[in-house]
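To start, the structure itself, in structure tokens.
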Amino acid sequence: MTRDEAWAILIEHTTSESLRRHALAVEAAMRHFARKHGEDEETWAITGVLHDFDYEGDPAAHPQRGRPILEQAGVPGHIVHAIQTHGDHLGLPRVTLMEKTLYAVDELTGFIAAVALVRPSKRVADVDASAVRKKMKDKAFARAVDRESMLRGASDMGIEFDELVGEVVAALEGEAARLGLAG
């Protein structure tokens, strides 16, 4: 499975530009952490691209509905499994660093993007952990984002939440123009 093949699967099943941008943001964060930990960057990137490919079709059945589609497309089992573990409702333990990272960056990339877009500069480079924490306290802001899962993701990775935010911001900065977060 190549990144281009993964992107083709995403495009086939996802028409929403915001969900496509989210996939790019998660891909950027996954690549960042793969490099940081000396892991296979392409595998982690593919996982990021595909993690929500089936969300648009039936959010309630995500990510389990997509499993057979990914398997039939020849996506390696460890990638399919990592995608399955990011759904809390499935109760699957996150064991590998890739699984833990996907869970940790999924909600956080979207939240950081939302914080960036309400800043006067509209630049992700201007987001820091204190801005994220401040917006987390505002329950009306990005209401659908589970704040506890973002904190749990950092804890599961064994890093402080503020450090995770800094790493994800750095990852998103590299793709800011593609993500609409360059100001």
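Side notes on the structure shown:
- Based on C-alpha pairs under 8 angstrom that are at least 6 apart in sequence, the stretch 3-179 has a relative contact order of 23 percent.
- Computed lengthening from LEU92 to ASP126, 0.36 nm per intervening residue step minus Cα-Cα distance: 8.7 nm
- Nearest-ten-degree value, helix 97-118 long axis tilted from longest Cα axis of the chain: 40
- When MET157, MET98 are sorted by how many other C-beta atoms sit within 10 angstrom of their C-beta, beginning with the fewest, the order is MET157, MET98.
- Kirkwood hydrodynamic radius of the chain, from the reciprocal of the average inverse Cα-Cα distance over all distinct pairs: 16.2 Å.
- Cβ-placed point charges (K, R +1; D, E -1), dipole of the stretch 3-179 about Cα centre in debye, nearest 20: 680
- Between 0 and 90°, nearest 10: helix 17-37 axis offset from the chain longest Cα axis: 90
- Cβ-Cβ FRET estimate between SER16 and GLN64, R0 fixed at 25 Å, reported to 0.05: 0.80
- Ranked ILE79, ILE11, ILE69, criterion: other C-beta atoms within 10 Å, fewest first: ILE11, ILE69, ILE79
- Rh by Kirkwood over Cα pairs, then Stokes-Einstein D for the stretch 1-70 at 0.692 mPa s and 37 °C, µm²/s: 271
- Nearest-ten-degree value, helix 3-13 long axis tilted from longest Cα axis of the chain: 90
Taken together, the values in this text are just the output of simple stated rules run on the coordinates, not laboratory data. Being a predicted model, the structure only gives us computed values, none of them experimental. Note that we place each Cβ from the backbone using ideal geometry, even for glycine, and neighbour counts take in every protein chain shown.
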